[in-house]
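J.: Let me begin by handing over the structure; questions about it come next.
The values are calculated or read from the model by the stated rules, or taken from the named source; none is laboratory data. Bear in mind that the values here come from a model prediction, so they are computed numbers and not experimental data. Positions of Cβ are backbone-derived with ideal geometry, glycine not excepted, and every protein chain shown enters the neighbour counts.
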Amino acid sequence: MIRKMFVICLTVAVALALSMSAFAGETIKVKGTVAKIDAAAKSVTIQPKEGEPVTVVMEDADQLSKVKEGEKGQVTYEVKDGKNAGTKLKKMNDGCS
């Protein structure tokens with residue numbers, strides 16, 4: 001019985017590990033209000049209309065100058081080594097949601 005439970009737990013753990021690696025390298029875009037810009041950390045935090053805020057560390061810190069706190073923005077990033085690595089940041093027009 002214990003061996004059977006071990007095999008089941010091991011199978012579930014391997015399946016989860018493989019599914020998480022499938023998300024690695026996937027490009028993600030988040031639109032919302034720029035809640036915070038941290039120049040020292042090279043990061044921007046976007047608050048989408050729904051859900052939790054998303055903090056992204058930009059690969060190119062110059063991208064942070066494209067938006068200001070309180071503006072609408074969109075960040076494009078990939079999850080690398082468990083961290084949100086930003087590749088693009090842009091200001092959204094008032095008409096965009």
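J.: Looking only at residues that are of a type in the set (D, E, K, R) and more than 22 Å from Ser65 (Cβ to Cβ) in the stretch 1-48, which one is modelled with the highest pLDDT?
T.: Glu26
J.: Go through the stretch 71-90 residue by residue and tally those that are out of contact with any Gly (no Cβ under 9 Å at 6 or more places or on another chain), under 20 Å from Lys49 (Cβ atoms) and among the hydroxyl-bearing types (Ser, Thr, Tyr).
T.: Counting residues in the stretch 71-90 that are out of contact with any Gly (no Cβ under 9 Å at 6 or more places or on another chain), under 20 Å from Lys49 (Cβ atoms) and among the hydroxyl-bearing types (Ser, Thr, Tyr) gives 0.
This table checks each residue for (1) charged (D, E, K, R); (2) farther than 19 Å from Ala40 by Cα; (3) modelled with pLDDT of 95 or more.
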{"site": "Val54", "(1), (2), (3)": "no, no, yes"}
{"site": "Val57", "(1), (2), (3)": "no, no, yes"}
{"site": "Lys68", "(1), (2), (3)": "yes, no, yes"}
{"site": "Lys72", "(1), (2), (3)": "yes, yes, yes"}
{"site": "Val75", "(1), (2), (3)": "no, no, yes"}
{"site": "Val79", "(1), (2), (3)": "no, yes, no"}
{"site": "Leu89", "(1), (2), (3)": "no, no, yes"}
{"site": "Met92", "(1), (2), (3)": "no, yes, no"}
{"site": "Ser97", "(1), (2), (3)": "no, yes, no"}
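J.: Continuing with the same structure: State yes or no: is Lys31 surrounded by fewer than 16 Cβ atoms within 10 Å (Cβ to Cβ), touching a residue at least 24 places away in the same chain (Cβ under 8 Å), in a strand (DSSP E or B) and charged (D, E, K, R)?
T.: Answer is yes for this residue.
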